[in-house]
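Have a look at the structure below before the remarks.
The values are calculated or read from the model by the stated rules, or taken from the named source; none is laboratory data. Just so it is clear, the structure is predicted and the values come from calculations on it, not from any experiment. All Cβ positions, even for glycine, are placed from backbone atoms using ideal geometry, and neighbour counts span all protein chains on display.
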Ligand SMILES: Cc1cc2nc3c(=O)[nH]c(=O)nc-3n(C[C@H](O)[C@H](O)[C@H](O)COP(=O)(O)O)c2cc1C
């Protein structure tokens with residue numbers, strides 16, 4: 001019997017739909033699936049209030065853990081052949097609940113010496129978040145063997161508008177009745193089962209060599225070079241903002257509130273003014289960057305870490 005553990009957190013249920021599609025198709029007479037839902041001790045309210053949405057920025061980005069509930073002790077009774085880790089991105093970083101879990105002693109016990117497939121469900125900026133998850137997995141002595149990244153495929157600015165509507169109103173429906181539906185399409189959520197036969201084969205053989213290449217061919221990951229660049233640049237700027245705001249005190253502190261309002265305006269400026277300018281520079285310099293872009297596409301599609 002092969003034992004698979006599915007670890008996930010999901011606020012709206014989108015990520016849960018993705019991982020449960022994978023696991024129900026994975027389950028078989030010789031494959032048993034167990035679930036571990038990460039539950040923060042202080043729940044994040046959904047739909048988000050605007051202030052709360054921005055207030056999680058510094059702790060998300062700086063990867064400061066916050067308490068999560070202890071897993072059911074039965075989880076520790078088994079040694080898992082494979083872990084499927086479903087996570088979403090908050091501010092270019094694994095969400096606070098997932099980051100908190102990965103930094104816990106429980107994660108170290110569960111993931112030690114265990115193959116892990118990450119399943120990302122986000123708007124579209126996950127590349128640097130995955131680099132951060134790679135580091136966290138190394139600190140748990142886990143082995144990343146696969147990655148599936150599902151995103152909103154609409155153009156960046158459309159997805160910003162529609163996800164904001166979803167996050168603040170709480171409904172995954174069309175903004176103003178005519179924008180596309182926010183988040184990952186229903187089709188992509190159901191098509192995630194396409195990757196399962198390859199995962200099953202690797203799990204049964206206990207051999208994950210070549211798995212990522214195989215599922216990338218099936219569309220598990222699509223790298224958009226402009227988003228790679230935007231993600232890197234935004235990480236540099238977010239780092240300055242996050243440190244500045246974090247130093248202003250805890251949630252509710254008036255100084256912090258003032259800085260969060262400034263950050264909100266900055267974010268709007270960055271999305272609507274800076275990003276289009278960077279895009280023009282990206283297009284103009286594309287030909288000179290071609291080799292680097294190709295190298296990065298290969299690296300970010302893979303499960304390699306920078307130092308191997
Ligand atoms: C506070 C916050 C920040 C987010 N930041 C990002 C981000 O930087 N990049 C991205 O692609 N998606 C981002 N998202 C979207 C999430 O990754 C995710 O798609 C959405 O929250 C639904 O996930 P769920 O499965 O938890 O319901 C953010 C969402 C929230 C709530």
All conditions in (1) surrounded by fewer than 14 Cβ atoms within 10 Å (Cβ to Cβ); (2) within 21 Å of residue 93 (Cα to Cα) are true of residue 245 except (1)
So which of 76, 53, 101 ends up being over 23 Å from residue 217 (Cα atoms), assigned to a helix (DSSP H, G or I) and within 12 Å of the ligand (Cβ to nearest atom)?
53
Criterion: modelled with pLDDT under 95, outside the structural domain of residue 278 (by TED's automatic domain parsing) and away from the ligand (no atom under 12 Å from the Cβ) - qualifying residue of 147, 173:
173
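Yes/no per residue for (1) in a helix (DSSP H, G or I); (2) within 21 Å of residue 183 (Cβ to Cβ):
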| residue | (1), (2) |
| --- | --- |
| 24 | yes, yes |
| 43 | no, yes |
| 63 | no, no |
| 71 | no, no |
| 86 | no, yes |
Selection from region 1-22 of residues surrounded by fewer than 23 Cβ atoms within 10 Å (Cβ to Cβ), in a loop (DSSP other than H, G, I, E, B) and near the ligand (Cβ under 8 Å from one of its atoms) yields 10, 11, 12, 13
Kindly check whether there is at least one residue in region 255-262 that is more than 25 Å from residue 150 (Cβ to Cβ), surrounded by fewer than 17 Cβ atoms within 10 Å (Cβ to Cβ) and at pLDDT below 90.
yes
Out of region 115-164, which residues are assigned to a helix (DSSP H, G or I) and more than 19 Å from residue 234 (Cβ to Cβ)?
136, 137, 138, 139, 162
Conditions first: (1) closer than 27 Å to residue 118 by Cβ; (2) without any contact (Cβ under 8 Å) to a residue 60 or more places away in the chain; (3) surrounded by 15 or more Cβ atoms within 10 Å (Cβ to Cβ). Residue 218 passes all but one, so which condition is the exception?
(3)
